[in-house]
Structures are given as structure tokens and as C-alpha cells.
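Heads up, the thing below is written out as C-alpha cells.
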Amino acid sequence: MTSIWEPVIGLEVHAQLLTASKMFCGCRAQYLGMAPNSNTCPVCLGLPGTLPVINQVAVQLTIRTALALNCEIPEFSKFDRKNYFYPDLPKGYQISQFDLPLSLNGLLEFEVEGRLVRAGITRVHLEEDAGTLHHAGEIQNASFSLVDLNRAGVPLMEIVGEPDLRHPVEAPAYLAALRRTLIYLGVNDGNMEDGSLRCDANVSLRRTGASELGAKVEVKNMNSFRSIQRALDFEVARQTELLDQGQSVAQETRGWSELEQVTVSQRSKEEAQEYRYFPEPDLPPLVISRAYVAELRAALPELPMATRRRLREQYALSEEQARLISETALDAAYFESVVAAGAPPAAAANWQVQNLQALCNAAHISVSGCPVRPELLAELITMVVTDQVSGAVAKEVLAEVFETGARPSAVVLARGLGQVSDTAELERLVAEALAANQKASADYQGGNDRALGSLVGAVMALSRGKANPKAVGQLLRDRLPRK
Amino acid sequence: MTLLDRSIVELGRGLRTGEFSSVELTESALADTRTVDGELGAFLRTTAEAAMAQAAKADRQLAEDTGNRSPLLGIPVAYKDVLCTKGVETTAGSRILTGFIPPYSATAIERMEAAGAVGLGKLNCDEFAMGSSNENSAFQTTRNPWATDRVPGGSSGGSAVAVAARMVSAALGTDTGGSIRLPASFCGVVGVKPSYGRVSRYGLIAFASSLDQVGPLTKTVEDAALVLEVIAGLDARDSTSSSAPLGDLRGALKAGVSGLRVGIPKEYLSMEIEPGVRDVFDISVSRLEAAGARLSEVSLPSTEYALAAYYVIAPAEVSSNLARMDGVRFGPGFGSAPNLMAAYESARHLGFGPEVRRRIALGTYVLSSGYYDAYYLRAQKVRTLVSQDFEQVFKEVDCLISPTAPTTAFRIGERLADPLAMYATDLLTLPANLAGVSGMSVPAGFAGGLPVGLQVLAPYMGEATCFQVAATIEEMAQIWQIRPAGHANLESPV
């Protein structure tokens, strides 16, 4: 069913940067698991008299991201203060960027259901994260709240997307592509559960074909790809219903309730915060030299879309294989190392995305970090390809290599799993199998081809999987001549 | 006479020749903080124990000649209470910081301590340095030692009084619109407002970050140079601090003014200036001329807008800088409140005095959407014009001279009811803060028994020129040794 209303969606993504220290002080940027308020100092506690000092690496990672997102990097940028009172904000203002961000006018390409979508990036700017609050119960009726400032001052990059998305399904795809890019760049860990990657959405509806935008609703509290999809589906349906009934949509901020699977009004336009932005007087403006930008541009790694395209073309992989292998830069590098170590690309791709990935998923580790080093997987694949082991045995060997990191050839040798191609030994097994399966022999000789398969299976079973199935088939055919 | 009638160089000589020890000097100074200061109220708190320990350490260093050749070794000093002192309560003259004990010291204080100066304690000031009379302190009235019914000037009033009454050799103050120079003028001491960025602001509880500077108040121009040499310089913790070389201040003290081009800003002199102050200014100008300076009238045409711009920009920064005083982590708290906003309101109402609340309200207003362009943005444009005025005029002359303030010290309570009259006290000083140039007030004479200071302004990072002119004015006025003896006696010494 086509609606007369067209959704207009833009995402605002906050990504904590993988720096060693916080945005404006020397405290650690990685705070998870630390005792409350132990990762703090006078600067990030906002004690009177303290001053911020810019983390140069955070600026570098932001520009790196902006370049990967095809943004312009102006020569002149500055920090501003965003003023509001809240207990998780120790200074009473957040140091952010207002009218002169580090970057502008970018572009993100991604695929939705096989279709290439281009979405504009309004800007990528740099700011500091706030602390966290722990309410005694639900926030509405908590008798107290505890403040933890371990997170306060962690470098936070905000990536503001243009309202270029036209269907809720495009939002998770956009975010996935962005997330993949951030991980490729090594600037963010992509963890939405822990909140190191967060996403808000602006949603409005307009008459299909119209150019002016409708009243915008900002949706918050979406903590997974699934909740983004559901929240936007809900919000588009809610706004559609209002408009269909001739009502208007109120400009407001709404929160996604995971529990009730609805968006709930949080703040109306009238209650909107007055942030009183003004230039941060404690920090000099940033002057970004063209040479520095060129240097960072030259150091950009290959990005996910390009990697995917290249894997497909260079190694003749399927679209699906290329997509799975290029999920992270490390996965792609792993694949290329396996190929470089001598494995045929098609086999390498299959073994990586099917067998190895499954083992890694079960163990919650990454392919690149697992004990099966690329050269070990290559060795195993070579043994399969050269008929030294059967596929079934190779899977067993992989499981053991995954546990121990031992060489596949050593595992095969130690466990006596080498494929038997020795004719005398095979002759003995074939004779034994034929004796035990006289009906199948007769069937085959009577013209039933499928009976040969069960005979091969019987020989394989007798050899405990070690017999070379091709050689066994040939021997059986020799021994059972058809009239 | 007390030991502290002597200059820092003279005291250093006494310490190094063994005429007296730093412990003796410090004991005598601490005794004055208990007696003399009972009437004057310069100190908010003394740190006698730490001071005696530091003095004993200085004596050991002097005896062993450990290589610490700092002229401040063993010299009693004190700090304005907007400067954080590690382990010592720091209130900025405000109730809302009662009980705040910083776990760090301001960089300027760290450098004083590293030089071996003996810190006696924390000095009263207007709340968060907002005021021109010291009457906005939440805690006590500080009186002018030359006439105890008069204000010492503000906001570094405690700093000026502690030096003028010979309780310390030097004090650190801060100057946002004249807060060092004005009390220096009213109390008859030297006060330096360094160029913006010359001294680290780390550990200075911010009033207006783009205008604040830390600087010394001393009895003599040379003393001020010795202190500035210690506290100046780049600090990795303050990104607005500068590595520009300070230049040869000691050389400048002896350079004289022969051939120096000294400008008299006509806009400054066309203001309503008290006749006695004008007389001191005129005499000093003719003395400078006699010493070989080439005086000329110059123009700073944007001056008339500077005050208005200042009272937009400074409060805007105040409204943001003071947001962290939310009553949650320090201050008297908010008792019980029905909700978060009420808690903030209650804490801030209890914690801030009326002038601070006024400026927060003003600053919040000028930054609000719909008013930002008309006020804050326009004020920034005026600020640029004021800066350009100075850049232009410093192509014609090497420095500027004017009275520091239009009047001598006024009576306690006299201007409290009229904030605009109070704000006008800073008319001649605040343009230098807007432009970030270097400035200084030096005692040049008396009017009606009250000290009169002259202001010398020099280009950005041009402190040496200020010291050159100030040293000449000091030498020709021959008044620095006159102390406010029996501070009720108002017989004019000149």
C-alpha cells in the first residue's frame, strides 16, 4: 500500500572516540568497569579554576572520520559552550561546536535491499560526553540519584546526517554502514549496547512529492538496530495516522520505550532547551592546515564499500561472501592473508564465513583474534584441496586448531586422520564392505547408481572417514562391472 | 618602621646577609595580620603554620646557599582568594564556595611557592572578583589603610591593602576590568595587569575567561617586576597562555624615558576626572616631559562604547562560568527542594550575593536566542574596534598614560545603591582588558591625603615599556616609602 505521506528521516549519531585520554584532561577515555568516580580529575569534575586542554588525537580522529565521509574540512574551527543545568554535566555547560564545526557537507553511501543509497552528512563535530546518573528506581519517583563522572569528558564525535532517508528501513542500514566505517577507521568500537555508539533520529512526514518539510519529531533512547527500526516504524505509523485524521504533528522530542514498543512524548517545542551557545573562551580557535588534512587523507585506509567491491572483483567472490568478509577491516585482512598463504580464494572464503565464523561466534571472539592464524587455515584448506584429508575430517581438525592453535598437519598426524589412498589398504576395505552389503552391490550392478553412494559411505565408515572417497568410488566401479 | 617597609630587593639583602631570618620576617608579618588587619580586614584566612614551615625551609636554603637565587626566597606574600590553594579553603569571596578546599594550586601560586615565597594566606575580594570597591565580599568589609572609612577599591582590595599596610611584600590579584589597577591606585601601591595570556589562569576561579589576568601588587615597580618574572610564562594547563618572551624588565627599570613616545588618550582625559587626580596627572606629565619623553595627545575613538561592551561580554561569560556552582558539590546546599530546578534555584539564591546574581541574569539574557545578535555579537564587534584602536595608536606612540581612576578612594557605602556609578569606576581601565594589552598602575601622588595612581598602557606583550615608564614616574614622585601610618591620620603628605 502506498501512502500519500512520505517519511523524511535524518540520524544524529554520537560516537565515543577510541583515544587514550579524555577530551580535555588526562583521565582515561576507557572507563567501563571502573569504580564510580574513580576515573576523574579536577578538570573533568569541573572544579573551579580548572581549564580544558584539547586532546589533539581526538581532533585527528574526527578529521579522519570526516574525510572518510567525504566532508569538507574548513581551515578555521572553534569550540563553543552549550549551556544547561543537569547533574551529569559538572561544569553546567558542555564544550561542543556550534557554528564552525571541524567538518561539513559529507556523503555516506550504503546499500538497502540491494539498492545503493547516498545520504548527505551535514557535519561531523567534536564535543565531550557527560557523566551518567543512576536513579534509585524509576527516574520519575526515585528518592535519590547517584552521579558517576567516569564518562564525563570522554571525546564524543557527533555525526549529523541530512534528512535524506525516505523509509525506516534505510535508518538501520545507514547506521550499519556508518558503524562499519567507524570500525574500519579505528575511531570507535561500534558498541551500541554500552553506549559508545548512540543514535537519535529526526522524523517528519510530508505529502509525497512536496518539497517543504513537516513538523519534526526527535526520537531518542534507541539502543539497537532493531529498536531503531521499530521506533521509526512506530513513529511513521503514528504520524501517518495523525495526518490521515487531519490532525497536525507536534514538534517535540519523544523517547522510544523498549518495554511498551511505543514512542512517548518527553519535551514539547515550548519546553525546548535554550542552550545559549557562545565561543569557548578557554580554548583558542583551531586552525587546520591544508598540509595536515592532506596527510590525514593520504593515511585513510580502504573503506568498507571499496573493500567489498575489490574482494568481489579481485577474488571472484560472491556478493554475499564479499559482504561478510568485508564486515570489518580485520576480517578482510584475515581473508587476504589466508589467500596469500596459498589457499584458493573461493575455498578460503567458504571456510572463513561458514566454519571459522561459526566457531568464533560461539566463543564470542573475532576471526582475526582467534587461534586459527591465517597460515593455519590456509594449510588446512590446502590439505582438503589436495585430498590429504576429507572435508568432514578437516572440520574436526579445524575445531581442534581453534582450541589449541596447533598446526593442522600435526593434528592430522597425531590423530591418524590422514586420508587413505593406498590401494592395498583400500582394496581390503572395499572387499569388507562388499561382503557386508551384498544387496547394494546387486542394486548397483542392476543399474541403481545411488547404491554406489551407500557403498562408498560404508567404506568411509570402515575407514573412520580417512578413505579417499574418489579412489574408493573408482575401486568399487572396477569391482562391480555392469553387464 | 617594620621590616616590610623595605622593598623586596632590600629584604633579600637582609636575608642573605643574616641581618634577619625569613622566620623572623614571617613572624613579624603574621603578627601584623593579627593586629593591623583586625581593623583593615584584608585577610580572609591566614595559613600561619604552613607559612612558618615555608619560612624555615627558606632559611635553610639561604644558609646552605642551595642555588635558589630567586629574589622571592623567604619573602612574605599573600594571594587573592579567587586563586586556588591546594589544601586551603578557597571561596572567591562567595558563600557558595564555603568549604571548598581545592586539591590543586593555581599555576601562579605554584610558581611563587617554587621560588620560595612565603604565603601567609588568602585575601578578601569582591565576590568572584565582581566589584570595584570590595564591598561585594560575602564575608567582610576591607578598609582602605589611608582612610578606614573608605573603600580600598576592588576587586583585589584585600591584595592592595595587605601590601599598602605592609603586611606582605607582594600579593597576587586578578584584573578583569581594572581589579588590580584600581585598588592599587586607591591604596597607593603598584599593580600590574599583564597582557592577556602572559600569566596562566589555571587555578584562577574564572570571572570572565577572555578578560581575566593574574598580576602582582607590590610597593615598588621593581618588586612588581620581580614577581611578574616568577609568575609569567606558558603553562600547558592553560591553552590561552603565551610563550611570548617577557623581555628585560630589570633593564627597563633603568632605561629612562628619553625619546619615548607617550600618548595621552583624549577620550580618557575628557571624562569627568576629580581635580586632585587631574593635578597629579598633569604634574606627572610635565615631569615625564622633563625626563625626555615626547608626549602627544592621541585618540581611541571607540572608548565610549567600551563600558557597554564590557558589561555584555563579561556577564555573558559569568553566566556560564558560574553554572558549575550548582550547590550539589560545594556550598551551603539547598536543603530540601521539590525538584531539581528548585534545588538549583535555592542553592544559587542562598549562595550568590546580589551583584553576582545581577550579572548572571544579565549574561543569561544577552546570550539568549533572539538577543544574541543584538547584544553579545555586537559587543564582540565593539571589542574588535577597541582592539583596533589600540593597534592603531601604538603605531603612533610607545605607550599611553592616564589616571587609573577618575577619583580617589570613595567612602564605604557611597556607590552601593547605584550599580552604574560603581561600574563607571572602571571606565579608564577596562578597555585594556577588552584589547588584551599590558597595563599598570603606579602611585604618582596624593589628593586630599589619598593616593592617586597613574595608568600606563603598552602594547600586547609590551610589559617592559610599562615598567620603563612606571619606574620613571615612581622615581620622580619619590613617595613609595610613605606608608599609611596611623591610618586615620589624613594629613596630606604632598
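The values are calculated or read from the model by the stated rules, or taken from the named source; none is laboratory data. What you see is a predicted model; the values in this text were computed from it and never measured. Positions of Cβ are generated from backbone atoms using ideal geometry, with glycine treated the same way; all protein chains shown enter the neighbour counts. Ligands, DNA and RNA are stripped out before the accessible areas are found, and what is left, the full protein with its side chains, is counted by its heavy atoms. Shrake-Rupley method; radii C 1.70, N 1.55, O 1.52, S 1.80 Å.
Descriptive notes on the structure:
- Of the residues making up the stretch B:97-112, those that are more than 10 Å from every other protein chain (Cβ to nearest Cβ) and touching a Leu at 6+ places or on another chain (Cβ under 8 Å) are B:Ala108, B:Ile109, B:Met112.
- In the stretch B:206-250, the qualifying residues are those that are within 12 Å of B:Ala170 (Cβ to Cβ) and of a type in the set (S, T, N, Q), and the one that is farthest from the other protein chains (Cβ to nearest Cβ) is B:Thr220.
- Residue that is farthest from A:Ala20 (Cα to Cα), among those in the stretch A:46-66 that are open to solvent by 10 Å² or more (accessible area, probe 1.4 Å) and more than 8 Å from chain B (Cβ to nearest Cβ): A:Arg64
- So A:Leu146, is it under 30 Å from A:Pro36 (Cβ atoms) and open to solvent by 30 Å² or more (accessible area, probe 1.4 Å): yes
- Some residue of the stretch A:94-103 being surrounded by 23 or more Cβ atoms within 10 Å (Cβ to Cβ) and under 22 Å from B:Gly197 (Cβ atoms): no
- Within the stretch B:284-294, not a single residue is within 21 Å of B:Ala361 (Cα to Cα) and crowded, with 21+ Cβ neighbours inside 10 Å.
- Listing of helices (runs of 4 or more DSSP H) fully contained in the stretch B:381-494 that carry 3 or more residues being of a type in the set (A, V, I, L, M, F, W, C) and in contact (Cβ under 8 Å) with a residue 24 or more places away in the chain: B:430-435, B:463-477
- Summed over the stretch B:86-103, the residues that are open to solvent by 10 Å² or more (accessible area, probe 1.4 Å) and in contact with a strand residue (DSSP E or B) (Cβ under 9 Å, 6 or more places away or on another chain) give a count of 3.
- Answer residue from the stretch A:354-392, given it is touching an Asp or Glu at 6+ places or on another chain (Cβ under 8 Å) and within 20 Å of A:Leu324 (Cβ to Cβ) and is surrounded by the fewest Cβ atoms within 10 Å (Cβ to Cβ) among those: A:Ser366
- Looking only at residues in the stretch A:85-95 that are in contact with a strand residue (DSSP E or B) (Cβ under 7 Å, 6 or more places away or on another chain) and in contact (Cβ under 8 Å) with a residue 40 or more places away in the chain, the one that is nearest to the other protein chains (Cβ to nearest Cβ) is A:Gly92.
- Scanning the stretch B:298-325 for residues that are within 12 Å of chain A (Cβ to nearest Cβ), in contact with a helix residue (DSSP H, G or I) (Cβ under 8 Å, 6 or more places away or on another chain) and open to solvent by 10 Å² or more (accessible area, probe 1.4 Å) gives a single hit, B:Val312.
- Scanning the stretch B:355-373 for residues that are in a helix (DSSP H, G or I) and either among the charged types (D, E, K, R) or modelled with pLDDT under 95 (or both) gives B:Glu355, B:Arg357, B:Arg358, B:Arg359, B:Asp373.
- Cβ pairs under 6 Å, 6+ apart, first in the stretch A:1-25 and small (Gly, Ala, Ser), second at pLDDT 95 or above and part of a strand (DSSP E or B): A:Gly10/A:Gly161; A:Gly10/A:Asn202; A:Ala15/A:Met157; A:Ala15/A:Leu197
- Within the stretch A:276-290, being at the interface with chain B (Cβ under 10 Å from one of its Cβ atoms), farther than 17 Å from B:Val318 by Cβ and touching a strand residue (DSSP E or B) at 6+ places or on another chain (Cβ under 9 Å) holds for one residue alone: A:Leu283.
- Qualifying residue in the stretch A:81-92 (condition: farther than 18 Å from B:Gly327 by Cα, buried (at least 22 other Cβ atoms within 10 Å of the Cβ) and in contact with a Ser or Thr (Cβ under 7 Å, 6 or more places away or on another chain)): yes
- Highlighted here are the helices (runs of 4 or more DSSP H) found entirely within the stretch B:1-67 that include at least 2 residues which are free of Cβ contacts under 8 Å to residues at least 60 places away in the same chain: B:8-17, B:22-34, B:48-64.
- The residues of the stretch B:17-31 that are surrounded by 15 or more Cβ atoms within 10 Å (Cβ to Cβ) and either farther than 16 Å from B:Met1 by Cα or within 26 Å of the chain's Cα centre (by Cα) (or both), listed by number, are B:Ser21, B:Ser22, B:Val23, B:Leu25, B:Thr26, B:Glu27, B:Ser28, B:Ala29, B:Leu30.
- From the list A:Val353, A:Val397, the lone residue that is of a type in the set (Val, Ile, Thr), more than 20 Å from the chain's Cα centre (by Cα) and either at pLDDT 90 or above or under 22 Å from A:Gly465 (Cβ atoms) (or both) is A:Val397.
- Among residues of the stretch A:47-71 that are on the phi > 0 side of the Ramachandran plot, those with a beta-carbon under 6 Å from a residue that is open to solvent by less than 20 Å² (accessible area, probe 1.4 Å) at least six positions away or on a different chain give the pairs A:Gly49/B:Cys84; A:Gly49/B:Gly203; A:Gly49/B:Leu204; A:Gly49/B:Ile205; A:Asn70/A:Gly106.
- For the stretch B:326-336, a residue qualifies if it is in contact (Cβ under 8 Å) with a residue 12 or more places away in the chain and within 9 Å of another protein chain (Cβ to nearest Cβ), and the qualifying residues are B:Asp326, B:Val328, B:Phe330.
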